[in-house]
Each structure stands twice: as C-alpha cells, then as structure tokens.
Amino acid sequence: MYEGFLPKAIFLERLSTDFESVSVFLLLSILSVSARFTPCLIKRYGGGAKATEYFIAKATELVPHEMYKSSLDRTQAFFLLAIADWGNGNKNRSSVSGCL
C-alpha cells in the first residue's frame with residue numbers, strides 16, 4: 001500500500017489496462033485543472049477559461065454522488081477540483097471542495 005495521492009505510474013497503468021476502474025470524477029477533476037493548458041481543449045471549448053469551466057461543471061455535477069464515499073481517488077479528485085475552482089476565481093466553492 002502507498003500513502004498520499006495516486007502515483008502517476010500507477011494511475012497511467014490503471015488507465016491503460018483497466019480504464020473502467022478509473023473514477024470519472026477523478027478524470028473530470030484532472031481535466032478541470034489541466035484544460036486551460038491543453039491546446040486541443042482550448043480550441044474545442046473556445047478558450048482556456050471556458051474549457052476549465054466546462055470540466056468544473058461536469059465534475060461538480062458528480063459531487064453529491066461522490067462526497068459520502070471515501071477513497072484515495074475521491075480525495076485526490078476533491079483536492080484537484082478545489083485547486084481548479086480557486087484558480088478559476090471561485091474561492092468560496094474551492095474552500096467547500098477542499099473540505100469534502
């Protein structure tokens with residue numbers, strides 16, 4: 001067993017060998033942080049801020065279903081969602097996501 005967040009190598013292995021085991025909430029939260037820096041997403045959504053807003057909204061839709069189940073994936077997803085919210089100027093919502 002490991003402590004802390006999911007190591008990148010383990011995450012990428014799970015994603016490539018058993019993608020259905022990877023949390024959609026975690027993927028959306030990762031995209032919430034990275035969308036503003038990803039050229040194809042910037043182009044697709046009409047800007048970095050719009051891409052970020054899209055993935056934050058999609059991840060936020062899952063919060064009611066994810067908040068009462070504890071797992072390392074969900075903890076990391078909430079942390080990333082809080083970072084994305086903070087970076088997007090949603091400081092109050094960021095504080096809530098960071099506490100869940």
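Which whole-number percent is the relative contact order of the chain (Cα, under 8 Å, 6+ apart)?
Details: 111 pairs, mean separation 27.8, N = 100.
Answer for the chain is 28 percent.
Under a Cβ-only charge scheme (Lys and Arg +1, Asp and Glu -1), can you give me the dipole magnitude of the chain about the Cα centre, in debye to the nearest 20? Don't jump to the answer; show the numbers that get you there.
Values: 11 positive and 9 negative charges, 87 e Å.
Around 420 debye, computed over the chain.
Provide 54, 68 ordered by accessible surface of protein heavy atoms (probe 1.4 Å), highest first. Could the numbers behind the result be given before it?
Working: 54 90, 68 190 Å².
So, going from the largest accessible area down, we get 68, 54.
Just checking my list (i) 8.1; (ii) 7.3; (iii) 6.7 against mean projected area of the Cα convex hull in nm² computed from this structure; which label fits?
(iii)
Can you order the peptides 71-82, 33-44 by their average number of other Cβ atoms within 10 Å per residue, highest first? Working shown, then result.
Numbers: 71-82: 20.0, 33-44: 15.2.
Output ranking for 71-82, 33-44: 71-82, 33-44.
Number of Lys-Lys pairs in the chain under 24 Å by Cα, sequence gap 8 or more or different chains? Intermediate values should be presented prior to the final figure.
Numbers: 8/58; 8/69; 43/58; 50/58; 50/91; 58/69; 58/91.
Lysine pair count for the chain: 7.
Roll a 1.4 Å probe over the protein chains and send me the accessible area per residue for the chain in Å². Let's see the in-between values first.
Working: 6440 Å² over 100 residues.
Here the per-residue accessible area is 64 Å².
Using only helices, what value at 222 nm comes out for the chain when you add -39,500 (n - 2.57) per DSSP H run of length 4 or more and divide by the total residues, to the nearest 500 deg cm²/dmol? Could the numbers behind the result be given before it?
Numbers: 6 runs with 72 residues, N = 100.
Roughly -22500 deg cm²/dmol at 222 nm, from the helical runs in the chain.
Could I have the simple spin-label model distance between residue 20 and residue 58, label points 7 Å from Cα toward Cβ, reported in nm to one decimal?
The modelled label-to-label distance comes out at 2.0 nm.
How much of the accessible area of segment 1-63, in percent, comes from carbon and sulfur atoms when a 1.4 Å probe is used? If you can, show how the numbers build up before the last one.
Numbers: 2610 of 4130 Å².
Answer for segment 1-63: carbon and sulfur cover 63 percent of the accessible area.
Placing +1 on the Cβ of each Lys and Arg and -1 on the Cβ of each Asp and Glu in the chain, which of 59, 21, 48 has its Cα farthest towards the positive end of the resulting dipole?
Ranked along the dipole, the leading option is 48.
The values are calculated or read from the model by the stated rules, or taken from the named source; none is laboratory data. Just so we're clear, the structure is a prediction, and the values are computed from it rather than from any experiment. Counting neighbours? That spans all protein chains shown, and the Cβs are built from the backbone with ideal geometry, glycine included. Surface accessibility is based on the protein's heavy atoms, side chains included, excluding ligands, DNA and RNA. Shrake-Rupley method; radii C 1.70, N 1.55, O 1.52, S 1.80 Å.
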